[in-house]
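Working notes, structure below.
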Amino acid sequence: VMNILVTGGTGFLGCSLVRMLHQHGHTGLVTSRSSVPALPSGWSAAIREPTLHGTVNQGQFDAIVHLEVMHHVSRPTAAECAEFRNVNVGNTEAWLKWASQNGVSRFVLASSIKAVGPSGYEIGEDALPQQDDPYGRSKAEAEEAVLSWAEGSSTRCGLVLRFAPIYGPGSAANIAAFARSVLAGRPSVVGSGDVPKSV
């Protein structure tokens, strides 16, 4: 049984993950920028800032699963590009520093296939980092931060998971909207209709 800190744990992925971890007997803490909904037994909630800055003692953790993210948007503004870097890179670096200060040796980063450049229908783990897309570039930089942190000590383990679009029960993202349209028998085109989307 592990005690796990899940950052950004109130989103679609975080809620599902906490339920699954609870079913497997794990306990932990969910952090969020705002209030957290009801959690399973053995799990508690905290606002991210007091936790991150050490003003609240939340105990010892075996691992951090880092889900905080500024999501991809089409044609981002300059402010949104800055927010990609602040949230996706800066917050990752802040939690890595917190992990080092609090003796946490395992760190899991929820990254994205956008972290690497386009490469057809198959993307290998050795694909080159994204350079053109601001969101993808921010996720690639976050990945580099995790790998650098892990290389800093033989006792550390960093795991980067590059997700394709995530969907399922409770999702409100564009794949869910597409599925609802199909089930309702309505014609469904995402965007201009000429971009393959990995599911």
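Could you list, ordered by first residue, the pairs with Cβ atoms under 9 Å in which the first is in segment 159-176 and over 16 Å from C15 (Cα atoms) and the second is of a type in the set (S, T, N, Q) and assigned to a loop (DSSP other than H, G, I, E, B), at least 6 apart or interchain?
Hits for this filter: A164/S198; P165/S198.
Report, by residue number, each residue of segment 122-146 that is modelled with pLDDT under 90 and over 21 Å from S74 (Cβ atoms).
Once the filter is applied, which keeps residues that are modelled with pLDDT under 90 and over 21 Å from S74 (Cβ atoms), segment 122-146 yields E122, G124, E125, D126, A127, L128.
Kindly provide the set of residues from segment 21-71 that are over 26 Å from I113 (Cβ atoms) and β-branched (V, I, T), ordered by number.
Hits for segment 21-71 are T27, V36, I47, T51, T55, V56.
Listed residues G90, G103; which is among the small types (G, A, S) and over 17 Å from the mean Cα position of the chain (by Cα)?
G103
Would you be able to tell me the number of residues in segment 1-10 that are surrounded by fewer than 19 Cβ atoms within 10 Å (Cβ to Cβ) and not in a loop (DSSP other than H, G, I, E, B)?
Number of matching residues: 1.
Just checking, which of S105, S148 is surrounded by 14 or more Cβ atoms within 10 Å (Cβ to Cβ) and among the hydroxyl-bearing types (S, T, Y)?
After ruling out the rest, the residue left standing is S105.
In segment 11-50, what residues are closer than 24 Å to I166 by Cα, open to solvent by 40 Å² or more (accessible area, probe 1.4 Å), part of a helix (DSSP H, G or I) and free of Cβ contacts under 8 Å to residues at least 60 places away in the same chain?
Residues satisfying the conditions are R19, M20, H22, Q23.
Quick one: S111 ticks every box in (1) out of contact with any Lys or Arg (no Cβ under 7 Å at 6 or more places or on another chain); (2) open to solvent by less than 50 Å² (accessible area, probe 1.4 Å); (3) touching a residue at least 12 places away in the same chain (Cβ under 8 Å); (4) under 26 Å from G152 (Cβ atoms) except a single one, so which number is it?
Evaluating S111 over (1) out of contact with any Lys or Arg (no Cβ under 7 Å at 6 or more places or on another chain); (2) open to solvent by less than 50 Å² (accessible area, probe 1.4 Å); (3) touching a residue at least 12 places away in the same chain (Cβ under 8 Å); (4) under 26 Å from G152 (Cβ atoms) leaves (1) as the failure.
Within segment 59-69, is there a residue that is out of contact with any Cys (no Cβ under 6 Å at 6 or more places or on another chain), part of a loop (DSSP other than H, G, I, E, B), touching a residue at least 12 places away in the same chain (Cβ under 8 Å) and among the aromatic types (F, W, Y)?
The answer is yes, given that some residue of segment 59-69 is out of contact with any Cys (no Cβ under 6 Å at 6 or more places or on another chain), part of a loop (DSSP other than H, G, I, E, B), touching a residue at least 12 places away in the same chain (Cβ under 8 Å) and among the aromatic types (F, W, Y).
Regarding A79, is this residue within 27 Å of S34 (Cβ to Cβ), of a type outside the set (F, W, Y) and either surrounded by 20 or more Cβ atoms within 10 Å (Cβ to Cβ) or modelled with pLDDT under 95 (or both)?
yes
For segment 52-68, enumerate the residues that are within 20 Å of A110 (Cα to Cα) and at pLDDT below 90.
Residue satisfying the conditions is L52 alone.
Residues of segment 79-127 being among the acidic types (D, E) and within 26 Å of R48 (Cα to Cα), which ones?
E80, E83, E93
If the requirement is being aliphatic (A, V, I, L, M) and at pLDDT below 95, which of these qualifies: A94, A46?
Only one candidate qualifies: A46.
The values are calculated or read from the model by the stated rules, or taken from the named source; none is laboratory data. Note that the structure is a prediction, hence the values are computed from the model and not measured. In this analysis, Cβ positions are derived from the backbone assuming ideal geometry, glycine residues included, and neighbour counts consider all displayed protein chains. Each accessible area value is taken on the protein alone, full model and side chains, heavy atoms only, with ligands, DNA and RNA left out. Shrake-Rupley method; radii C 1.70, N 1.55, O 1.52, S 1.80 Å.
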